[in-house]
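Peer 1: If you scroll down you'll find the structure; I have some questions about it.
The values are calculated or read from the model by the stated rules, or taken from the named source; none is laboratory data. All of these numbers come straight from a predicted model, not from anything done at the bench. Cβ atoms come from the backbone with ideal geometry, glycine included; neighbour counts cover every protein chain shown.
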Amino acid sequence: MIAFVNTEVPQATSLVAHMQKLVNETSGLKGLVVFVAGPEAKPAISELAAKEKITIPMVFLPRGKEDPALARYKINPEAKTTVLVTKRKRVLSNFVNVGPDQLPQVSAEAKKMTAAAG
């Protein structure tokens, strides 16, 4: 599961914490959070990791919205958040502008994917 976040780091706290909890509870599920912001986000990412006890990898795109990774993953650079549920480099589910009301659906898709893998 990969989340691309195009907001200030503190605004992503609930999504990141939810992903961490989901990874902790779901055998075989891995998570990654990619902040679209450039290197200037690094201190805020470190602070979020420490404050919320986040152990899933959190990274930033070195070139921000201009980074080629967004095009490679077909991510809309204007979307606030994009969550991809993936398996073997294939996207199974794609959620855009994820809010608290969509987190149960993201969880269900991630759990369905890991159950099918087992």
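Peer 1: Return the only residue of 26, 55 being out of contact with any Gly (no Cβ under 9 Å at 6 or more places or on another chain) and at pLDDT below 95.
Peer 2: Criteria check complete, one pass: 26.
Peer 1: On the given criteria, is residue 70 over 16 Å from residue 21 (Cα atoms), touching a residue at least 40 places away in the same chain (Cβ under 8 Å), part of a helix (DSSP H, G or I) and of a type in the set (A, V, I, L, M, F, W, C)?
Peer 2: Here the answer is yes, as residue 70 does meet what is asked.
Peer 1: Looking at (1) over 18 Å from residue 8 (Cα atoms); (2) in contact with a strand residue (DSSP E or B) (Cβ under 9 Å, 6 or more places away or on another chain), which is the one condition that is false for residue 82?
Peer 2: Looking at each condition in turn, residue 82 falls short on (1).
Peer 1: Looking at (1) outside any strand (DSSP E or B); (2) surrounded by fewer than 15 Cβ atoms within 10 Å (Cβ to Cβ), find the lone condition where residue 59 falls short.
Peer 2: Of (1) outside any strand (DSSP E or B); (2) surrounded by fewer than 15 Cβ atoms within 10 Å (Cβ to Cβ), only one is false for residue 59: (1).
Peer 1: Still on this structure: Using the structure shown, decide if residue 51 is crowded, with 17+ Cβ neighbours inside 10 Å and charged (D, E, K, R).
Peer 2: No.
Peer 1: Evaluate the following for residue 8: is it in contact with a helix residue (DSSP H, G or I) (Cβ under 8 Å, 6 or more places away or on another chain), on the phi < 0 side of the Ramachandran plot, of a type in the set (Asp, Glu) and modelled with pLDDT of 95 or more?
Peer 2: When the stated conditions are applied, residue 8 does not pass them.
So that you can scan it fast, the table gives a plain yes or no per residue for (1) touching a residue at least 40 places away in the same chain (Cβ under 8 Å); (2) of a type outside the set (A, V, I, L, M, F, W, C):
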position	(1), (2)
27	yes, yes
37	no, no
62	no, yes
74	no, yes
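Peer 1: Same structure, new question: Within segment 73-100, restricting attention to residues that are surrounded by fewer than 12 Cβ atoms within 10 Å (Cβ to Cβ), assigned to a loop (DSSP other than H, G, I, E, B) and not acidic (Asp, Glu), which residue is nearest to the chain's Cα centre (by Cα)?
Peer 2: Among those that are surrounded by fewer than 12 Cβ atoms within 10 Å (Cβ to Cβ), assigned to a loop (DSSP other than H, G, I, E, B) and not acidic (Asp, Glu), it is 99.
Peer 1: Please list, ordered by first then second residue, the pairs with beta carbon atoms under 9 Å, 6 or more apart or interchain, first in segment 1-12 and among the aromatic types (Phe, Trp, Tyr), second assigned to a strand (DSSP E or B).
Peer 2: Pairs found: 4/33; 4/34; 4/35; 4/81; 4/82; 4/83; 4/84.
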